[in-house]
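Remarks on the structure that follows.
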């Protein structure tokens, strides 16, 4: 299953990052993203409280149950091996972190899930890959820029990198051209305000602007 999920992530080139959306609203959001051509969604853990962390798991479960055949759901901001276990049990097929944590990567791989830890420097990227990462998340990509990704990829061509942070419809294709295998997009795509106001058609339109930008890359 891990290989199949990895291929889906690489083919889609974009992961929508869902942050701060209540579990009872997340299925409508996921449906809107699917209509815009996005097939991978990352639901991030809110580390501020146990209650919010539990709601993250419920959101993952709700998406998996409602749209499992249309969407590939993962967990984000995963900081501990215990959260890896909980996310996988809820239905997460891939595990994304802002940092490189050996125990998180190893537990992810032991459970047969796709591992996408975060890194910034070439040393961190190489370490994450050596620990078993399938893809390394370069973060914050918007601040580092496309030239940085191009420079990092020069000696590390064998390591798949995804760009996260500051990605918009105007620059997402540039990150792919610079050497990233995909991008992760949060607030620029998944607006909590639009969800709160049930403006799902607008979310679909924004999603389409991203997928259209990546069609010919």
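Laboratory data are not the source of any read-out in this text; all were calculated from the coordinates shown. Since the structure is predicted, the reported quantities are computational estimates derived from the model, not experimental observations. Neighbour counts are summed over all protein chains in view; Cβ atoms, including those assigned to glycine, are modelled from backbone coordinates with ideal geometry.
Per-residue ellipticity at 222 nm from helix content only, as computed over the chain with -39500 (n - 2.57) for each DSSP H run of at least four residues, stands at -14000 deg cm²/dmol. With each label modelled as a point 7 angstrom along the Cα→C-beta vector, the residue 66-residue 199 pair spans 2.0 nm. Of the peptides 184-192, 89-97, the order by per-residue mean of other Cβ atoms within 10 Å, starting with the highest, comes out as 89-97, 184-192.
Using square roots of five times the C-alpha gyration tensor eigenvalues, list the equivalent-ellipsoid semi-axes of the range 45-93 in whole Å, biggest first.
19, 11, 8
Label the chain by shape, choosing from rounded, prolate and oblate, from the square roots a ≥ b ≥ c of the eigenvalues of the Cα gyration tensor; if a/c is under 1.5 it is rounded, and otherwise prolate applies when a/b is larger than b/c, oblate when it is not. Verdict is oblate for the chain. Rounded, prolate or oblate: which one fits the range 1-106, using the alpha carbon gyration tensor with axes a ≥ b ≥ c (rounded when a/c is under 1.5, else prolate when a/b beats b/c, else oblate)? Oblate shape, in that a/c is at least 1.5 and b/c is the bigger or equal ratio.
In terms of the mean number of neighbouring beta-carbon atoms within 10 Å, the peptides 153-159, 82-88 order highest first as 82-88, 153-159.
Once you order the gyration tensor axes a ≥ b ≥ c over the Cα atoms, which shape class does the range 90-217 get: rounded for a/c under 1.5, otherwise prolate or oblate by comparing a/b with b/c?
Oblate.
A simple packing score, the average count of other Cβ atoms within 10 Å per residue, orders the peptides 130-141, 39-50 as 130-141, 39-50, with the highest score first.
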